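What follows is a single structure, written as structure tokens, with notes after it.
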Amino acid sequence: KLGWVIAAASPAGLGNTSYRVTVLLVVGGFLGSVLLAMTLAPMWAGLLTRPVNALIDRAHRVSDGDYTSPWPKRGSILELNQLSDDLGRMVEVIQMRGANMARSEERLRATLDSTPTIAVQWFDLNGRVLYWNQASQNMYGFTKQEAEGQSIVDNPLMYQDVQQVAAFLDMIRDIDHTGQAVGPAEFVLRHKNGSHVTVLATTFAIPGDAGHSHFVCMDVDITERQLA
């Protein structure tokens, strides 16, 4: 089925039995070696690819945020064992950095929550509220539970109408494109009870999840100053 043809030529006068036996042994040995190699090749390939595939699968799990699945067992290939050890150390570093970032974010949120006069909100590029501090609740009347997770497209919160929402979304898209902060600038927004709130606002981008920016709005209420 291989389509191979093996031919052997012998000089004239060497057609005795012992010569034929020698030729048959050589040809048979060659064919046997080929067949043995073809039989063993998939086994050797499996021995090599199984640990590699296991490492690839584990790396994919890490990229998806799964740091708890066990690493593949150590095998007999030193280079693969070294690669597995290196990946394990990389995951430990990622976990440590993630924990440090989480602690830093907790400290930042605690600081912003205790800021009494500066309303701070975080938005994603689509206008979804990611963070809403206590001063935002005091300034606009909407609680953290009412605001966080809401999209201002569906629930405008402190924005007066859809035109003001559209202008805000255009602004943060420009910030995302240019990297330049906007403000301090004066805006007239609304309280939950329907009254107007005049604020001096600054908006800028900070690094967010998965390479996407978050947009921070810091508002100072100047309503009383305007009235005065």
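Tabulated values for the structure
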quantity: Filter result (loosely packed, with under 13 Cβ neighbours inside 10 Å and hydrophobic (A, V, I, L, M, F, W, C)) within the range 165-180; calculated: 167
quantity: The range 190-228: number of residues that are in contact with a helix residue (DSSP H, G or I) (Cβ under 7 Å, 6 or more places away or on another chain) and in a strand (DSSP E or B); calculated: 9
quantity: Considering residues of the range 183-205 that are without any contact (Cβ under 8 Å) to a residue 24 or more places away in the chain and of a type in the set (A, V, I, L, M) only, the residue surrounded by the most Cβ atoms within 10 Å (Cβ to Cβ); calculated: 201
quantity: Residues within the range 165-182 that are touching a residue at least 24 places away in the same chain (Cβ under 8 Å) and not in a loop (DSSP other than H, G, I, E, B), tallied; calculated: 8
quantity: Members of the range 150-164 found to be outside any strand (DSSP E or B), under 19 Å from residue 131 (Cα atoms) and either open to solvent by less than 60 Å² (accessible area, probe 1.4 Å) or in contact with a helix residue (DSSP H, G or I) (Cβ under 8 Å, 6 or more places away or on another chain) (or both), listed by number; calculated: 152, 153, 155, 156, 157, 158, 159
quantity: Residue count for the range 112-129, restricted to those that are under 19 Å from residue 199 (Cβ atoms) and either within 27 Å of the chain's Cα centre (by Cα) or open to solvent by less than 10 Å² (accessible area, probe 1.4 Å) (or both); calculated: 8
quantity: Residues located in the range 132-149, provided they are part of a helix (DSSP H, G or I) and open to solvent by 40 Å² or more (accessible area, probe 1.4 Å); calculated: 134, 137, 138, 144, 145, 146
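The values are calculated or read from the model by the stated rules, or taken from the named source; none is laboratory data. These numbers were taken from a predicted model, which means no experiment stands behind them. Note that each Cβ is placed from the backbone with ideal geometry, even for glycine, and that neighbours are counted across all protein chains shown. Just so you know, the surface numbers come from the protein's heavy atoms only, side chains and all, with ligands and any DNA or RNA stripped out. Shrake-Rupley method; radii C 1.70, N 1.55, O 1.52, S 1.80 Å.
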